[in-house]
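The block underneath contains the structure these notes are about, expressed in structure tokens.
Computed from the coordinates by the stated procedures, all read-outs in this text should not be read as laboratory data. Keep in mind that what you see is a predicted model, and the values were worked out from it rather than measured. For neighbour counting, all protein chains shown are included, and Cβ atoms are generated from backbone atoms with ideal geometry for every residue, glycine included.
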Ligand SMILES: [Zn+2]
């Protein structure tokens, strides 16, 4: 645990809070829910007892599945050297860098659904072209296995929920082989998001 002194946004009193910088989902699977419900990022003010959200750096690993997700809030970085994190053995891990809790939640949902995040980003890019809303952000919501569909939430430029959009499993299957061939640097936390997909398509058009 990491101790931090934070000012409450409600009563403006400074208080000491314990923040969790590291989480092993293999050992603590229930903590997944704490991320998905934001309770991991919620603290209570010791003065007025009201709750508020604190975004902090968090490394989530699954040592069994060899997965590492690094939440670096507001970070503009596209990749980060895993050896700078101070945790051994990350070289053989699948490493992802996210800047928001929405991004972190999406990665966890994708892991649970056993879906490849690179392929999902290519699907989103495809769907975004249909939406004709350049500011729209898509987040994976659910794999509807009965209907063979992938469901995405659509957020506007301010992050407000606008609706949802879906694609057939078939699109995912078609893009899977391509996406899995995209090389990622071993031992680096990489941002695999809509910008990643866009840059990938732009680079492959240039070749
Ligand atoms: Zn307070």
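Between helix 117-131 and the chain there is an angle of about 70 degrees, using the helix long axis and the longest principal axis of the Cα atoms.
On full extension of the chain, what length is gained from residue 174 through residue 160, given 0.36 nm per residue of separation minus the C-alpha to C-alpha distance?
Working: separation 14, 0.36 × 14 = 5.04 nm, distance 3.05 nm.
That pair, residue 174 and residue 160, stretches by 2.0 nm at full extension.
If each DSSP helix of 4+ residues adds -39,500 (n - 2.57) and the sum is divided by the residues in the chain, what number results at 222 nm, nearest 500 deg cm²/dmol? Can you show the working numbers first?
Details: 5 runs with 58 residues, N = 207.
-8500 deg cm²/dmol, from helical runs alone.
Fully extending the segment from residue 53 to residue 10 would add 14.3 nm, taking 0.36 nm per residue of separation and subtracting the current Cα-Cα distance. Restricting attention to the chain, close to 80% of DSSP beta bridges with both partner residues there are antiparallel.
For segment 100-206, the gyration tensor built on C-alpha atoms gives a rounded shape. Its axis ratio a/c (a ≥ b ≥ c) stays under 1.5. Could you state the angle between the C-alpha long axis of helix 194-206 and the longest principal axis of the C-alpha atoms of the chain, as a value from 0 to 90 degrees rounded to the nearest 10? On a 0 to 90 degree scale, this one is about 30. For the chain, report the % of Cα-Cα distances exceeding 25 Å. The answer is 43 percent, as a whole percent.
Rounded to the nearest 0.05, the FRET efficiency derived from the C-beta distance between residue 38 and residue 205 at R0 = 30 Å is 0.20. Among 56-65, 12-21, 193-202, sorting by the average number of other beta carbon atoms lying within 10 angstrom of each residue, highest first, gives 56-65, 193-202, 12-21.
Seen against the Cα atoms of the chain and their longest principal axis, helix 169-180 is set at about 80 degrees. Between residue 131 and residue 181, full extension at 0.36 nm per residue minus the direct alpha carbon distance yields a gain of 15.3 nm.
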